[in-house]
Amino acid sequence: MTLQTDTASLSATTAPPAPSRRAAEFVIRWSLPLILLITLVIATATTPGFLSFENLRGILINTSVIGIAAVGLTPVTLSGNLVSLAVTQQAMLAAVVFFPLLAVGVPLPLAIILVILILAATGFAQGAFVALGLNPMITTLAAGAIIFGLATLVTGGRVVSAPEVDTRWIALASPLGLPLPIYIFVGFTILTTFFIDRTVTGRKISLAGANRETARLSGVSFRAATIAAFVVLGIGTAISGIVVAAQAGQATTLDLPTLTSNVIAAVLVGGTAIQGGFGSPLRSALGALMIAIFSQVMLLHDFSHGVRLAAVGLLVVVMVSVLHVIRKKAI
């Protein structure tokens, strides 16, 4: 039986009535772009300096950092494995490994490849444990603690850098006027979207999340799908960590304290179903843009850090609740 037949069989088993499904898909598909457009209009009208070059540049760079990791997390959620609680620690690990490699003379392109391979292996290990039946939240929470502990032990909590190598051009370069991290973000989003939508493994990830038992009966390996999803997450956190480290020119184990919460928020605001089976990397990318704009507007209005965090949390609750109600009524 081919994967296409499996997909059709699964769709026939789980699809709601056509009119209801079409209405739900329309609302789910266009709700985030519409909210994003409304937010941009309100921000432009009420926030002095919002459309300034420096402010927009800052929003785009922040979007790239959150967005790359959010796009990487999307396959994990799509596969039915909820979310990872080790996003911050994985990105931090990428940053604190990146500079020592440069410091000992490893060429920049090779250092980037090695960091990506190390984080992909980290994702593989977590995916393997989850595939054995361990709870993904507990597994990733433990993995994050182990990564943080080992990184702190090795670095002694000190700042790591490679003064002889200038990495800041990665964040400062602006081909055609746009920051280089945006091109990296867009490129990673396109590749991940292609992987999910156009490859056998990517489709199996979505099938496993949509209906695990049906996927199993169709010959889809949940274990393989889970491991593949966590490997993509490892690659995403590696790239995100490198971008942040390159921008700052240094790294510590205490960097990116809110990255995990922001990345999870971006995935959920983007409309990916927490139970799996529905969502896309592109929507997570838009969710990251929404989070970055929302946070920047509140920052420009001098809201405290606590208020900004609470507001992002409220945004997540509202978006997830609305999408949940729409999906439930469509079934």
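Where a number appears in this text, it was derived from the coordinates with a stated rule and is not lab data. These numbers were taken from a predicted model, which means no experiment stands behind them. Neighbour counts run over all protein chains shown; Cβ positions are idealised from the backbone, glycine included.
Given the DSSP H assignment, sum -39500 (n - 2.57) over each helix run of at least 4 residues in the chain and divide by its residue total; what's the result at 222 nm in deg cm²/dmol, nearest 500?
Numbers: 14 runs with 252 residues, N = 331.
Computed mean residue ellipticity for the chain: -26000 deg cm²/dmol.
Take each uninterrupted DSSP H stretch in the chain, measure its Cα extent along the helix axis, and return the ones at 20 Å or beyond whose mean Kyte-Doolittle hydropathy is at least 1.0.
18-46, 53-78, 87-103, 108-131, 136-155, 180-198, 222-248, 281-300, 305-330
So, in nm, how far is label Ser321 from label Ser31 when the simple model puts each one 7 Å beyond its Cα toward the Cβ? That separation, rounded to one decimal, is 1.2 nm. Residues of the range 210-254 with an amide N closer than 20 Å to a point placed 7 Å from the Cα of Ala128 along the Cα-to-Cβ direction: 221-238. Among the trypsin sites (Lys or Arg not before Pro) in the range 165-231, those located in a DSSP loop and surrounded by at most 14 other Cβ atoms within 10 Å of their own Cβ are Arg168. A Förster radius of 25 Å combined with the Cβ-Cβ distance from Ala103 to Ala173 puts the calculated FRET efficiency at roughly 0.70.
Relative contact order, whole percent, for the chain stands at 35, derived from Cα pairs under 8 Å and 6 or more residues apart. Taking other C-beta atoms within 10 angstrom as a stand-in for reagent exposure, Ile38, Ile116 fall in the order Ile38, Ile116, fewest first. Note on Leu150 and Leu191: the model spin-label points, each 7 Å out from Cα along the C-beta direction, lie 2.4 nm apart. Could you tell me the calculated FRET efficiency between Thr39 and Leu217, based on Cβ-Cβ distance and R0 = 30 angstrom, to the nearest 0.05? Rounded to the nearest 0.05, the efficiency is 0.10.
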